[in-house]
Amino acid sequence: MAKKKYVYFFGGGKADGHGGMRDLLGGKGAGLAEMTNSGVPVPPGFTITTEVCNIFSSTGKAPVEVEKQTEENLRKIEKMMNAKFGDPDNPLLVSVRSGSKFSMPGMMDTVLNLGLNNVTVEGLARKTGNRRFARDAYRRFIQMFGKVVMGVPAELFEEAIAEKKKKSGVKLDTELSETALHELTSEFAQIVKKHTGHTFPADPRKQLKMARDAVFKSWNNPRAKTYRKIYDIPETLGTAVNVQTMVFGNLGNTSGTGVGFTRNPATGEKQLYGEYLINAQGEDVVAGIRTPKPLMELKKDMPVVYSQLSKITTMLERHFRDVQDFEFTIQEGRLFMLQTRAGKRTGPAAVKIAVDMVREKLISREESLMRVDPASLDQLLHPIFDLSECGEFCAVTKGLPASPGAASGQVMFTAEDAIKAVQQGEKVVLVRMETSPDDIHGMHVSEGILTSTGGMTSHAAVVGRQMGTPCVVGAGAVKVNERKRMFEVAGNTVKEGDYISIDGTSGDVIIGKMPTMPSEIIQVIAGGMKPDKSRAYQDFSLLLKWADSVRRLGIRANADVPTDAATAIAFGAEGIGLCRTEHMFFAEDRIPIVQDMILAETKEQRKKALDKLLPMQRKDFIGIFKEMKGCPVTIRLLDPPLHEFLPKREELMVEIAKLECRNPKSAKLKKLRKLLARVQELHEFNPMLGLRGCRLGLTIPEITEMQVRAIIEAACKIKKQNKKVLPEIMIPLTGHVNEMRRARQHVIAVANHVMEEQGVRVPYMVGTMIEVPRAASTADEIAQEAQFFSFGTNDLTQMTFGYSRDDAGKFIRYYLEKGILEKDPFQTLDQIGVGRIIEQAVKLGRSVRKDLKIGICGEHGGDPASIEFCHRADFNYVSCSPYRVPIARLAAAQAALKKKHGELDK
Ligand code: PEP
Ligand code: MG
């Protein structure tokens with residue numbers, strides 16, 4: 001039987017592995033192998049596979065075969081380098097580094113200068129003719145090995161260095177004398193002995209084995225685990241261990257070390273980008289003790305090396321067909337490449353690079369679509385902090401990054417105060433414990449929204465995203481006192497009118513003002529900049545055009561007012577998937593009429609109020625239909641519990657109590673008492689499960705009548721102008737087919753009546769939201785009454801899990817931390833539980849109505865993973881907030897491409 005290969009050699013222009021073996025060799029190992037095979041100068045070494053890590057993690061040791069293969073490979077290096085591990089005159093030194101399939105910067109361990117001991121250090125000194133360098137290398141080795149492998153706290157070494165510098169009367173490590181370094185080495189060895197009870201290992205082979213095992217163990221250290229959770233890296237991958245001949249960047253002024261990118265990772269500009277230090281070892285660049293120089297200066301410092309580096313990295317980029325993030329060391333004028341891998345980049349850079357590389361014929365359009373993380377497109381759309389004008393900033397706390405972008409403004413604690421401040425020309429950040437639909441107008445005028453409670457689908461989060469307003473929610477450390485108009489955070493008191501800044505992309509909350517500006521793309525969308533003046537816009541729209549040519553899913557937007565509809569169209573939406581009509585009721589001039597309608601004691605009184613609302617709603621719909629130019633517009637009939645339109649019970653009681661003292665006979669008091677009585681009547685223990693959704697329209701049919709009339713009258717008006725219009729009337733929260741049947745009959749009756757009155761017929765559809773598990777499990781019955789389904793996955797998630805979407809923020813964070821839940825189900829669809837119910841409903845629905853149109857309009861409609869699910873489950877479209885439309889376009893294209901290449905699970 002062929003013996004199992006656990007160790008892969010690279011060196012001398014030939015490697016056992018290659019760049020396509022990232023699973024087994026990790027990113028670093030595969031990159032080193034590929035570079036070696038391509039003739040790039042790489043110090044020789046070998047990679048112990050990720051498979052060994054997995055065996056090590058489950059059994060606590062590496063297979064015996066690994067030891068044998070390690071020895072064989074060590075011999076190869078020794079031969080190639082003409083040096084020996086542990087040789088007193090000519091010692092071979094190696095680095096030992098982790099490297100998993102996906103880079104996890106700084107999460108796992110590294111040891112440099114391995115192979116040094118009291119004897120070999122002298123050999124190194126003789127070999128290099130540089131005793132100070134050898135002593136420093138040994139000092140660094142004990143320090144690193146002691147910390148990483150033997151678990152000695154870093155401070156113990158740091159304290160000893162500080163003490164030594166003090167005694168020597170110097171400030172910098174680099175100023176320590178050869179003798180001081182020598183003394184430090186023995187002191188470090190004593191620290192190790194004292195702390196661990198073990199002598200520092202002198203045998204290089206023992207050092208190597210210990211370092212290897214420490215790297216394997218570091219795969220499971222808490223920070224690596226957390227990193228994997230955040231970035232969705234599977235636990236099962238394991239890390240490889242790379243053992244590589246040391247080259248030294250700290251051998252004098254013809255040596256150095258640096259890192260770089262083949263293109264600028266922040267902007268995507270095609271330029272060698274990076275930094276380096278002369279006479280330094282790798283960790284000095286990252287440690288920030290010395291300020292590195294920009295890579296361009298290497299051109300002056302070492303022109304030959306620079307030109308070689310530029311050639312090699314250009315070749316590597318062409319070879320790997322992606323931006324490379326590389327590390328190099330120059331040892332006495334000789335360049336060595338130590339790493340190359342695909343470089344991480346910002347959203348704007350990702351778009352530019354993807355489009356540029358197609359232009360350069362480096363990659364295909366399909367590849368370019370897969371190169372951009374759809375979620376990162378957000379970074380191109382939201383206001384950005386204008387960093388040219390501000391220095392360092394420091395966040396006082398962090399909340400959930402609910403709606404991306406940066407915002408600065410004066411703190412206001414109520415919607416009314418926010419409006420007043422804005423009317424006076426101020427910029428406002430609305431800070432509340434949580435927001436409710438009554439705050440909508442205040443939210444609308446605010447630059448940003450900050451709440452101390454709530455999760456990613458809380459009211460503030462949903463509305464913030466829909467409006468494209470930066471929003472941070474669930475910032476628990478922010479203790480809001482709305483009554484006193486102040487909040488406290490991390491020992492600071494912030495009062496009404498004080499400035500704060502929030503970054504909805506990171507969740508940062510900053511005290512003080514940070515200047516912001518709209519992104520270039522938004523300037524173009526809003527008409528403030530011509531498209532041909534913005535290269536960023538051109539790249540962005542070209543990439544999305546390519547996405548449109550491969551996606552199957554339709555993309556719609558959730559929009560309630562004509563301006564949102566216009567934004568959605570500008571972003572490429574093909575229809576409106578959800579128009580929440582209640583948002584139209586909250587306008588300042590309408591709310592008193594809505595309240596009159598609710599408080600009405602007779603049908604006539606109610607009709608009178610609804611008659612006032614009718615022209616207003618009709619106007620809204622005309623505006624939206626005009627913007628949508630014949631694209632489908634799904635309009636949902638009134639959904640929320642009525643008390644949301646009325647003042648809060650407690651507030652009314654306080655006001656009444658005050659009036660009773662001051663003016664017991666006033667008419668206002670009488671009116672307030674009546675209002676309170678109605679508010680109490682409407683009070684529900686579980687309003688989300690109470691009189692809402694289709695239950696409202698069924699028990700108060702006058703509301704449905706007015707809304708359907710407004711929709712159809714508006715549609716008739718458009719039709720009479722010879723323009724196209726396609727309303728889709730949607731019944732909310734259906735749970736039983738009888739609800740749907742009755743609601744539909746009512747809608748049809750009113751629609752027919754109106755069309756007869758108007759003397760014109762318009763096309764329209766009647767369908768339902770699927771938000772209640774019972775509706776999903778009886779979807780075949782419901783589909784007989786519905787022409788379309790739109791999955792309202794906010795409520796469906798709420799009802800399937802039994803988690804209140806407005807309160808879940810309190811425990812979901814804990815659940816995520818403890819691994820009880822992997823993802824927030826209000827943010828990304830729970831495909832196993834809620835998803836299974838959806839798939840079943842799709843099948844049932846289509847079994848009775850083949851052409852049943854199916855979409856999603858919950859928050860998940862803008863989440864790339866959920867969009868992939870919708871593609872798989874054969875939806876017709878997804879609908880999301882206007883600002884997420886570009887994300888959805890790209891995510892839908894990626895889902896189609898994955899399907900085409902057989903990469904979509906299932
Ligand atoms: C839903 O429940 O998913 C939905 C879109 O409706 P709303 O968020 O308005 O309840
Ligand atoms: Mg709902």
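Tell me which of F586, G238, Y499 sits at the most positive position along the dipole axis of the chain, charges placed on C-beta atoms (Lys, Arg +1; Asp, Glu -1).
Final value for the positive-end residue is G238.
Please work out the FRET efficiency for the pair R131 and N90, using the Cβ-Cβ distance as r and a Förster radius of 25 Å; give the result to the nearest 0.05. Each step should come with its number before you reach the end.
Numbers: r = 16 Å, r/R0 = 0.65.
Rounded to the nearest 0.05, the efficiency is 0.95.
Can you pick out the pairs among K147/K194; K225/K818; K608/K670; K4/K68; K76/K147 whose Cα atoms lie more than 19 Å from each other? Don't skip to the answer; put the middle values down first.
Working: K147/K194 13 Å; K225/K818 12 Å; K608/K670 22 Å; K4/K68 12 Å; K76/K147 30 Å.
Exceeds cut-off: K608/K670; K76/K147.
Once you sort the root eigenvalues of the Cα gyration tensor of the range 542-652 as a ≥ b ≥ c, which label holds: rounded (a/c under 1.5), prolate (a/b larger than b/c) or oblate (the other case)? Working shown, then result.
Working: a/c = 3.23, a/b = 2.42, b/c = 1.33.
Because a/c hits 1.5 or more and a/b exceeds b/c, the range 542-652 counts as prolate.
Count the lysine pairs in the range 406-531 that are 8 or more places apart or on different chains: how many have C-alpha atoms under 25 angstrom apart?
Pairs that pass both the separation and distance tests number 13.
For the chain, calculate the relative contact order in percent as a whole number, restricting contacts to Cα pairs under 8 Å that are 6 or more residues apart.
Working: 1870 pairs, mean separation 78.5, N = 906.
Relative contact order of the chain: 9 percent.
In terms of Cα to Cα distance under 26 Å, which lysines are near enough to K850, apart from those fewer than 8 places away along the same chain?
By straight Cα distance, K850 reaches K724, K898, K899, K900, K906.
Sequence neighbours fewer than 8 away in the same chain don't count; with that in mind, list the lysines whose C-alpha is under 18 Å from K127.
Output for K127: K79, K84.
Using alpha-carbon pairs under 8 Å, 6+ residues apart, how would you state the relative contact order of the range 621-772 in percent? Could you put the intermediate results ahead of the total?
Working: 200 pairs, mean separation 50.3, N = 152.
This gives 33 percent for the range 621-772.
Quick one: Debye curve from the C-alpha atoms of the range 715-761, no solvent, what's log10 I(q)/I(0) at q = 0.22, 0.31 Å⁻¹?
For the range 715-761 at q = 0.22, 0.31 Å⁻¹, log10 I(q)/I(0) is -0.81, -1.12.
Can you report the principal axis dimensions of the range 631-762 using only the alpha carbons, biggest first, rounded to whole angstrom?
That gives 61, 35, 24 Å along the principal axes, largest extent first.
Cut-off is 10 Å between beta-carbons; in what order do L369, L675, L821 appear when sorted fewest neighbours first? Don't skip to the end; give the middle numbers.
Values: L369 24, L675 19, L821 16.
Final ranking by Cβ density, sparse to dense: L821, L675, L369.
What is the Å³ per residue value for the convex hull set by the Cα atoms of the range 482-607?
Details: hull volume 27.2 nm³, N = 126.
Spread over its residues, the Cα hull of the range 482-607 gives 216 Å³ apiece.
Pairs of alpha-carbon atoms within less than 8 angstrom and 6+ residues apart define the contacts here; what relative contact order does the range 309-466 have, in percent? Don't jump to the answer; show the numbers that get you there.
Values: 203 pairs, mean separation 21.8, N = 158.
Rounded, it is 14 percent for the range 309-466.
With +1 on the Cβ of every Lys and Arg and -1 on the Cβ of every Asp and Glu, and nothing else charged, how large is the dipole of the chain about its Cα centre, in debye rounded to the nearest 20?
The dipole magnitude comes to about 1060 debye.
Most exposed first by the Cβ proxy, i.e. fewest other Cβ within 10 Å, how do L543, L316 rank? Intermediate results must be reported in sequence, preceding the final value.
Working: L543 25, L316 22.
Ranking L543, L316 by Cβ neighbours within 10 Å, fewest first, gives L316, L543.
With unit charges on the beta carbon (Lys/Arg positive, Asp/Glu negative), name the residue among A202, G169, A224 whose Cα is farthest towards the positive pole of the charge dipole of the range 143-240.
A224
Which three lengths, in whole Å and largest first, does the chain cover when its Cα atoms are put on their principal axes?
105, 65, 55
Using a 10 Å Cβ count of at most 15 others and DSSP loop calls, identify the longest part of the chain lacking such chymotrypsin sites (Phe, Trp or Tyr not before Pro). Display every interim value, and only then the final one.
Details: sites that count: Y231, F393, F685.
Of all site-free stretches, the longest is 394-684.
Rank G19, A559, Q324 by how far each Cα sits towards the positive end of the charge dipole of the chain (+1 on Lys, Arg Cβ; -1 on Asp, Glu Cβ) and give me just the farthest.
Of G19, A559, Q324, it is G19.
Enumerate lysine pairs in the range 260-377 that are 8 or more residues apart or on different chains, then count those whose Cα atoms are under 23 Å apart.
17
Given the chain, what percent of its DSSP beta bridges are antiparallel, to the nearest 5?
Values: 66 of 103 bridges.
Rounded to the nearest five, the antiparallel share is 65 percent.
Values in this text are rule-based calculations from the coordinates and carry no lab data. Everything numeric in this text was worked out from a predicted model, so none of it was measured. Neighbour counts run over all protein chains shown; Cβ positions are idealised from the backbone, glycine included.
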